[in-house]
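Asker: My questions all concern the structure below.
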Amino acid sequence: MSDQHPPACRPAADVEPGVLEAVRAIARETGGARAERAVHPRASLARDVGLGSLERVELLLRLERQFDCALADRCLDLDTPAELAAAVLGAGP
C-alpha cells in the first residue's frame, strides 16, 4: 500500500505549502528576492508578486507536474496561492 494520496484526496495542509513553494520559485526566478518575499497565501499573483500571463502558465504546468493533476485553463485567472491550492485539491488526475 502506498503512503501517497491521490491528488484529489491530498490534505490541504500538504497542498498549500507546495503551492506556496512553487509560487516562490517562480517569483525568485522572475522578480528576485523582493517578489519572493511578497508570496503568502492571500497575495495577488499579479499585483503583489508581479507574475504575468507567461509566468502563470509556467506556474500551472509546474503545479500539474508536482501534484500529478490536470488544472483547467480557468485556473489562469485565479489570483492567489490559496485559490490555486483549492484548485489543486479539486483537480483530478
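The values are calculated or read from the model by the stated rules, or taken from the named source; none is laboratory data. No experiment lies behind these values; they were computed from the predicted model shown. Counting neighbours? That spans all protein chains shown, and the Cβs are built from the backbone with ideal geometry, glycine included. The protein model used for the area step is the full one, side chains on, heavy atoms only, and it has no ligands, DNA or RNA in it. Shrake-Rupley method; radii C 1.70, N 1.55, O 1.52, S 1.80 Å.
Asker: Answer with yes or no whether L63 is surrounded by 12 or more Cβ atoms within 10 Å (Cβ to Cβ), outside any helix (DSSP H, G or I) and either of a type outside the set (V, I, T) or modelled with pLDDT of 95 or more (or both).
Answerer: Values: surrounded by 12 or more Cβ atoms within 10 Å (Cβ to Cβ): yes; outside any helix (DSSP H, G or I): no; either of a type outside the set (V, I, T) or modelled with pLDDT of 95 or more (or both): yes.
Judged against the criteria, L63 is not a match.
Asker: Also, quick follow-up: Which numbered condition trips up A46, out of (1) assigned to a helix (DSSP H, G or I); (2) open to solvent by 30 Å² or more (accessible area, probe 1.4 Å); (3) among the aliphatic types (A, V, I, L, M)?
Answerer: Result: A46 passes all but (1).
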